[in-house]
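K.L.:
Starting off with a structure, shown below.
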Amino acid sequence: GRMRDKPVKERFIKEKPSLSRENTAGDGLEGKIDKEALSAAMHYITPKDRTTSEVRAFLSKKEYSPHEIDGVMEYLLTKGFLNDLRYAEYYIAEAFEKGKSRGKTEAELLEKGIRDSDVQLAFELSSDLSSEEEKAMQEAEAIIQREGPSSKSLRKVSSRLGYLGFEGELIYEIV
């Protein structure tokens, strides 16, 4: 079936690597890394994916030196534990499932410190997801089906689409 029919995690091949012995040894990076800083970073990224910006800020807040942070970041990026493009792909898929617009999703990713080029590439890779108009229309139809056709339900549609970040012109066309 179509990619949209699968749960978000199943759509992506590039999963975060595991903490296996093969993945954490043998490249010479270990000697350059502060073990305590690496451990703190690993505990921070284990429960959920994080952006490189989030991890850098976390380590900085923990008062590790810029040199220690750079070593840990190089290790995490080289080993594939951090990948802003992968993060953006997941984020876009989840945002679209929630009905968010491209504009709002893009702004949120940029706010999280993802580079614009990675954000744009992630959107290109997610191009099989439904168009802005389709998403807005589906949201509108769901509200009208639930509430019945009335001026009150149209106000709810307009308000909801605005909240999800759709452009005013598109909202006007749908309502």
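The values are calculated or read from the model by the stated rules, or taken from the named source; none is laboratory data. Everything numeric in this text was worked out from a predicted model, so none of it was measured. We place every Cβ from the backbone using ideal geometry, glycine too, and count neighbours over all the protein chains shown. We work out accessible area using only protein heavy atoms, side chains counted, and drop any ligands, DNA or RNA first. Shrake-Rupley method; radii C 1.70, N 1.55, O 1.52, S 1.80 Å.
K.L.:
Identify, by number, the condition in (1) of a type outside the set (Phe, Trp, Tyr); (2) at positive phi; (3) touching a Gly at 6+ places or on another chain (Cβ under 9 Å) that Ser101 doesn't meet.
P.N.:
(2)
K.L.:
Which condition number in (1) open to solvent by 40 Å² or more (accessible area, probe 1.4 Å); (2) touching a residue at least 40 places away in the same chain (Cβ under 8 Å); (3) not acidic (Asp, Glu) is the one that Arg86 fails?
P.N.:
Only one criterion in (1) open to solvent by 40 Å² or more (accessible area, probe 1.4 Å); (2) touching a residue at least 40 places away in the same chain (Cβ under 8 Å); (3) not acidic (Asp, Glu) is unmet by Arg86, namely (1).
K.L.:
Could you count how many residues in the range 53-66 are under 12 Å from Gly113 (Cβ atoms) and open to solvent by less than 30 Å² (accessible area, probe 1.4 Å)?
P.N.:
Looking only at the range 53-66, we keep the residues that are under 12 Å from Gly113 (Cβ atoms), and these are 53-58.
Next, from what is left, pick out any that are open to solvent by less than 30 Å² (accessible area, probe 1.4 Å): 55.
Looking only at that region, the number is 1.
K.L.:
Of all residues in the range 108-165, count the ones that are part of a helix (DSSP H, G or I) and either of a type outside the set (Gly, Ala, Ser) or within 20 Å of Glu97 (Cβ to Cβ) (or both).
P.N.:
At the first step, the residues of the range 108-165 found to be part of a helix (DSSP H, G or I) are 108-111, 116-125, 132-147, 151-163.
From the residues that got through so far, the ones that are either of a type outside the set (Gly, Ala, Ser) or within 20 Å of Glu97 (Cβ to Cβ) (or both) too are 108-111, 116, 118-125, 132-147, 152, 154-157, 160-163.
Looking only at that region, the number is 38.
K.L.:
For the structure I just gave you, tell me whether Tyr64 is farther than 30 Å from Leu170 by Cα, part of a loop (DSSP other than H, G, I, E, B) and among the hydroxyl-bearing types (Ser, Thr, Tyr).
P.N.:
Here the answer is yes, as Tyr64 does meet what is asked.
K.L.:
Filtering the range 7-52 down to residues that are at pLDDT below 85 and polar (S, T, N, Q), which residue is most open to solvent (accessible area, probe 1.4 Å)?
P.N.:
Ser18
K.L.:
So, in the range 94-123, exactly how many residues are open to solvent by 50 Å² or more (accessible area, probe 1.4 Å) and of a type in the set (D, E, K, R)?
P.N.:
Summing the residues that are open to solvent by 50 Å² or more (accessible area, probe 1.4 Å) and of a type in the set (D, E, K, R) in the range 94-123 gives 9.
K.L.:
Which ones in the range 67-82 are surrounded by fewer than 20 Cβ atoms within 10 Å (Cβ to Cβ), part of a loop (DSSP other than H, G, I, E, B) and touching a Ser or Thr at 6+ places or on another chain (Cβ under 9 Å)?
P.N.:
Lys79
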